[in-house]
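Have a look at the structure below before the remarks.
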Amino acid sequence: MTYCLGIITKYGLVLGADSRTNAGVDYISTYQKLFDFSQIGERAILVCTSGNLSVTQAIITLLQKDLKIPEEVNIHTLPTLYDIARYIGSKIRLIQEQDGSWLQQDGIEAQCTLLLGGQIKGQEPELFMIYSQGNCIQSSKDTPFLQIGETKYGKPILDRILKFDTPLEAAAKCALLSIDSTMKSNISVGPPINLMMYERDTFKIEHQLRLGLGDPYLIKIRQHWEMALRDAFDRMANVDWQHHQGEGEE
């Protein structure tokens, strides 16, 4: 399992991912899941992957291959981010067609989901989720984030904190806490954490980091967050048993 998320605000984008993959408790590895396909000065393109590792690696390889050859249609030639999302979807279907039936014969799940975020010159920043079937959805101002993988543990903080006008630095901090909360509750999600922040209309990724398990900043924010939660919990009033006794009874 994995956990990746994308956040979009009026100031730009934040994408983050863990790096843990596992095929059982005795086979845990580390693989990159966040990739930068930007064309500096023209377009910022970030991709996150989750799901079957062989499938997602094959998709990333095809995207890179089309840039190197180069193919007439690739991430740097398509006119809109939606077109890029559909193009990536076609690569997913291609790999599924080639390998899906063979994987199914051995009971291996071939599903995957990707996040695509970025901005093309002359257009607004956008964020998409691309499904295993190749179709996609787009984030909105009302829900300015998308998640893939093990999503449930890291969602509450996103729901409570994020707005479309949230500053980018706050969004980045929120992303790290969301990933850390997921790691706390699910051992299949783990470091290193990769995080990238894109400021709109810059068309290059100037802010990125990789945080390992013992990284001082990761330890610091985890400790501060846990202390803040405990403090808020301790300051909450106890249940008023007497006041509510008998309410709701017929």
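The number of residues in segment 135-157 that are more than 12 Å from the chain's Cα centre (by Cα) and either exposed (fewer than 12 other Cβ atoms within 10 Å of the Cβ) or assigned to a loop (DSSP other than H, G, I, E, B) (or both) comes to 10. Criterion applied to Ser188, Ser132, Ser178 was being farther than 29 Å from Glu42 by Cβ and not in a loop (DSSP other than H, G, I, E, B), and the one residue passing it is Ser178.
Exactly one residue among Arg230, Arg235, Arg160, Arg222 is farther than 16 Å from Gly16 by Cα and buried (at least 16 other Cβ atoms within 10 Å of the Cβ), and that residue is Arg222.
Based on this model, can you work out whether Asp83 counts as under 24 Å from Ser19 (Cα atoms), among the acidic types (Asp, Glu) and surrounded by 13 or more Cβ atoms within 10 Å (Cβ to Cβ)? Step through it out loud before you land on a result.
Values: under 24 Å from Ser19 (Cα atoms): no; among the acidic types (Asp, Glu): yes; surrounded by 13 or more Cβ atoms within 10 Å (Cβ to Cβ): yes.
It is false that Asp83 is under 24 Å from Ser19 (Cα atoms), among the acidic types (Asp, Glu) and surrounded by 13 or more Cβ atoms within 10 Å (Cβ to Cβ).
Looking only at residues in segment 191-228 that are out of contact with any Leu (no Cβ under 9 Å at 6 or more places or on another chain) and among the small types (Gly, Ala, Ser), the one that is nearest to Ser50 (Cα to Cα) is Gly214. Given the conditions (1) in contact (Cβ under 8 Å) with a residue 12 or more places away in the chain; (2) β-branched (Val, Ile, Thr); (3) more than 19 Å from Ser19 (Cα to Cα), report the number of the one that Thr113 does not fulfil. That leaves (3) as the condition not met.
Since every read-out is calculated from the coordinates, none of them should be taken as a lab result. Not measured: the values here are computed from a predicted model. Quick reminder, even Gly has a Cβ in these numbers, built from the backbone with ideal geometry, and neighbours come from all protein chains shown.
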